[in-house]
Structures are given as C-alpha cells and as structure tokens.
Protein chains: 2
Amino acid sequence: MGVQDPRACCTPLTRTPIGEGEATEVAQVLKALADPVRLRLLSLIGAHDGGEACVCDLTVGFDLTGPTISHHLKVLREAGLIQAERRGTWIYYRIVPAALESLAGLFAPGLVPAGAR
Amino acid sequence: MGVQDPRACCTPLTRTPIGEGEATEVAQVLKALADPVRLRLLSLIGAHDGGEACVCDLTVGFDLTGPTISHHLKVLREAGLIQAERRGTWIYYRIVPAALESLAGLFAPGLVPAGAR
DNA sequence: ACTCTGCTTAGATGTATGTCAAATTAGAAC
DNA sequence: GTTCTAATTTGACATACATCTAAGCAGAGT
C-alpha cells in the first residue's frame, strides 16, 4: 500500500470540524445549561416582567434551599448567561440575550452540514 | 398585610416559564452535548462526506482509547442526537438533524422573552 | 451601634461522570 | 471451525458536581 492508505470504511471530510479549544469553550457554557434547575431558573428570570427577577422570586417554586439556588445562579453567572445587579436590599438577575443567541446559532448552521439537512 | 402579599422586590410574571418535566428532558439532551469530546465527535460526524462516519474515522485525532470514544458515542446515541447503522464490518454514525434543530429553536424563541431582546 | 433580613460563601457528603484496561460480541476471510 | 479485526460492554477508579447545614457579608431601619 502507498503512503496514504485510505481505509475502505472511511469517508473524506467535506468541512473542517470544530476545534478542540472552541469545543471546550462551548462545552463549558452548555454544562452550565445542562441542569433542570438552572434551565428553570433561566426561564423564570426571562418570564418575569422587564426580563429581570430578584432572588426571592426565584427561590419559591423549588424544593431547594437558598444556598443551592445561589450556587446555581453563580454557575449561570460565571457562564455569562445572566447578570446580577444589586439595588438596595435586593439583587436582581437578568438574562444576557447575546449568550443565548450565540448558542442558537451554533446548532442550526454550525454543526449540521447542508447535505444532511 | 393582606392575603396576597406582593413583596416590594418582586415583579409579576409575563409568560409561563418552562415546566419541571420539560426542563428535565431538555437538560438530559444538553448534558449529552456538554462535553468537549462529544461536541467534537458530533461535529466530526457532520463534517464527513454524506454526513456519516465510521468509528475508525472518529477514533483518530483523539488522545483517548477506543472504549472511551465508544462510551461517548453511546451517550450521544441515547440522547437521540446520532444514529448508528452497521454495514458489514463497520458501524456508521450519522447526525439526527431534527434533534439539533429543536435545540436551536429552544434558545431563540424559547427562553428569552421578546421584551429582553 | 445593634439588629433584622437578603443573599452568598465555606465545608462536608453522597452521587454522577470521564477514563482506562480487560473481557466480550459480531462479522469477514481463510 | 479458526483467526483476525472492528466495536462494544464490563468493572474499577479518580474527579467533578448537586445538595445541605452552618457561618459570613451587606444594606436598611431603629
């Protein structure tokens, strides 16, 4: 056989797949989203008037302690999905729209090739 | 205070947030995606000619053993993101386009309210 | 200054997950 | 049937993660 031995099973690449670095970055954001509680929190924040909610709005409706909710909010915040702002006694959270939009754009044209759609 | 005591901090809901059941389902799919190796595998499969790739196409390029790749493929398969088909000696994987499309549709109109965009 | 409330941080614990080596199944070719 | 290769399954292990209790921090009001 020659130098380049194309195995019978293998098909050639038609596009360049996602890089290792980008995959790690995207996975980090997705990992922040991949939890039922955090999905509900994100949805709850977005469902509130003005697109923002205080923590007391978010703790009710969950069978979880305050610290656990706080932990999940921190994960979402560090992933860049939400922002926190203190106003007097209460802290308000709001969604970062750009973060979700970039995720949406990732699946439609990003991963699936035109041929497979 | 009266029967319904709207706390000063809280804002009303303008939309119904995601349900507990749906959140659990979506989180399961996202959890399958939230791994750098699995993201790269999915992208690699989609990048191959015809939108499918055999396992030997997928094991090269990773510093991982065969069983580990096999494990990740199983996770993706059980999440409904890819399909496997045996043809002779080799097993070919292909993306399930509908699964990714439903994810894309989840972020754009699903979570972020119109007011916050 | 003291206290009360809202929220976060720190530490501990049980469970889930990514990885590998070894064993197993499945088909092809002889 | 035997052997060889392709791919998965099993079992073990180390790390990561979700959750709780207890403690700490920050503003508001007295």
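Axis of helix B:97-106 versus longest Cα principal axis of chain B: the two differ by about 20°, to the nearest ten degrees.
The range A:9-26 and the range B:25-79 have Cα centres lying 11 Å from one another.
For chain B, the longest principal axis of the Cα atoms and the long axis of helix B:66-78 meet at an angle of about 50 degrees. Modelled label positions at residue A:87 and residue A:108, each set 7 Å beyond Cα in the direction of Cβ, lie 3.2 nm from each other.
Judged by a Cβ-Cβ distance under 4.7 Å, the unpaired cysteines of the protein assembly as shown are A:10, A:56, B:10, B:56.
Here's how it looks for residue A:82: its modeled amide H is under 5 Å from those of A:77, A:96, which are all 5 or more places away or on a different chain. Let a ≥ b ≥ c be the square roots of the eigenvalues of the Cα gyration tensor of chain A; is it rounded (a/c under 1.5), or, if not, prolate (a/b larger than b/c) or oblate? The shape class here is prolate. Counting only Cβ charges, +1 for Lys and Arg and -1 for Asp and Glu, the dipole size of the protein assembly as shown around its Cα centre is about 40 debye. Between residue B:92 and B:85, B:86, B:87, the built amide H atoms are under 5 Å apart, and every one of these is 5 or more places off in sequence or on another chain. To the nearest ten degrees, helix B:20-33 and the longest principal axis of the Cα atoms of chain B are 30 degrees apart.
The trypsin sites (Lys or Arg not before Pro) of the range A:38-100 include none that DSSP puts in a loop with a beta carbon having at most 14 other beta carbons within 10 Å. Note: relative contact order over chain A, using C-alpha pairs below 8 Å and six or more positions apart, is 22 percent. When B:76, A:103 are sorted by how many other C-beta atoms sit within 10 angstrom of their C-beta, beginning with the fewest, the order is A:103, B:76. Computed from the Cα positions only, the extents of the protein assembly as shown along the three principal axes stand at 85, 30, 28 Å, in decreasing order.
Read-outs throughout are calculated quantities, based only on the coordinates presented, and are distinct from any laboratory measurement. All values derive from a computational prediction rather than experimental measurement. Methodologically, a virtual Cβ is constructed for each residue, glycine included, from the backbone with ideal geometry; neighbour enumeration extends over all protein chains shown.
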